[in-house]
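**Student:** Right, I'll just put the structure down here and ask away after.
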Amino acid sequence: MRLALKAAVVVCALSLAGATGAAAVPKPQTALSYPTLEAARDSVVAMVARTVALPSAQVGATPCRFGYWYLPDSAAGYVVRVPLKEGPECRADLLGEVLTKAGWTPDYSYSADGTDGTLMGYVRNNYLCVVEGRWSGGDDMDTTWVVTSCELIVTCVPFREGDHPK
């Protein structure tokens, strides 16, 4: 099954459910808050640069518009795009670990995975960052297919209360 991931606006999500069947909703951190979205953006850009081993000057963020998955709302934010010559993990999982160590909480309602990419949300205080790895999955039946390049995309926007499955 293929999962096509669109930049910043994604139409499908898989929610991880707890034992009761309710989706896990993260509790945003309260300590060490970022005073602005730009401060959160700059911190995330630095983490991306360290994770992909590029100087921060080569990793930049551009303004974007993000459509929330579970609210009829969108917000201005920032997107970081880094093309990589890597395997299928595309460093998205590694960047997720870096974000978690920096105090970001996984938001499992922003989670998707497929042969063409992976996506995971992270929340910290008033901000949501969605980490996405994209690559060509090739033919699902071809077991010899090797991913030769990918793109790491991180979108950060204000966190919205109620932005989770009901």
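**Student:** Residues in the stretch 95-113 that are in a strand (DSSP E or B) and among the charged types (D, E, K, R): how many?
**Tutor:** So the count comes out to 2.
**Student:** Within the stretch 118-135, is there a residue that is at pLDDT 95 or above, among the polar types (S, T, N, Q) and either closer than 27 Å to A57 by Cβ or part of a strand (DSSP E or B) (or both)?
**Tutor:** no
**Student:** What's the number of the only condition in (1) in a helix (DSSP H, G or I); (2) without any contact (Cβ under 8 Å) to a residue 60 or more places away in the chain; (3) surrounded by 13 or more Cβ atoms within 10 Å (Cβ to Cβ); (4) of a type in the set (A, V, I, L, M) that A39 fails to meet?
**Tutor:** Here A39 clears every test but (3).
**Student:** To continue, here is another question. Does any residue of the stretch 60-79 turn out to be over 15 Å from the mean Cα position of the chain (by Cα) and at pLDDT below 90?
**Tutor:** Filtering the stretch 60-79 down to residues over 15 Å from the mean Cα position of the chain (by Cα) leaves 60, 62-63, 70-76.
Now narrow it down to the ones that are at pLDDT below 90: 60.
Within the stretch 60-79, one or more residues are over 15 Å from the mean Cα position of the chain (by Cα) and at pLDDT below 90.
**Student:** Taking the stretch 91-108 only, how many residues are surrounded by fewer than 20 Cβ atoms within 10 Å (Cβ to Cβ) and either within 17 Å of Y34 (Cα to Cα) or touching a Pro at 6+ places or on another chain (Cβ under 8 Å) (or both)?
**Tutor:** So the first thing to find is which residues in the stretch 91-108 are surrounded by fewer than 20 Cβ atoms within 10 Å (Cβ to Cβ), and the list is 93-94, 97-98, 100-103, 105-106.
With the extra rule that they be either within 17 Å of Y34 (Cα to Cα) or touching a Pro at 6+ places or on another chain (Cβ under 8 Å) (or both), the set shrinks to 98, 100-103, 105-106.
Within the stretch 91-108, residues that are surrounded by fewer than 20 Cβ atoms within 10 Å (Cβ to Cβ) and either within 17 Å of Y34 (Cα to Cα) or touching a Pro at 6+ places or on another chain (Cβ under 8 Å) (or both) number 7.
**Student:** Residues of the stretch 136-166 being in a strand (DSSP E or B) and either closer than 24 Å to R50 by Cβ or among the acidic types (D, E) (or both), which ones?
**Tutor:** Of the residues in the stretch 136-166, the ones in a strand (DSSP E or B) are 150-158.
C150, E151, L152, I153, V154, T155, C156, V157, listed by residue number.
**Student:** Six or more apart or on different chains, Cβ atoms under 8 Å: show the pairs whose first residue is in the stretch 128-140 and closer than 22 Å to A39 by Cβ and whose second is basic (K, R) and modelled with pLDDT of 80 or more.
**Tutor:** Sorted first by the residue in the stretch 128-140, then by its partner, the pairs are L128/R160.
The values are calculated or read from the model by the stated rules, or taken from the named source; none is laboratory data. None of these values were measured; they are calculated from a predicted model. Note: ideal-geometry Cβ built from the backbone for every residue, glycine included; neighbour counts use all protein chains shown.
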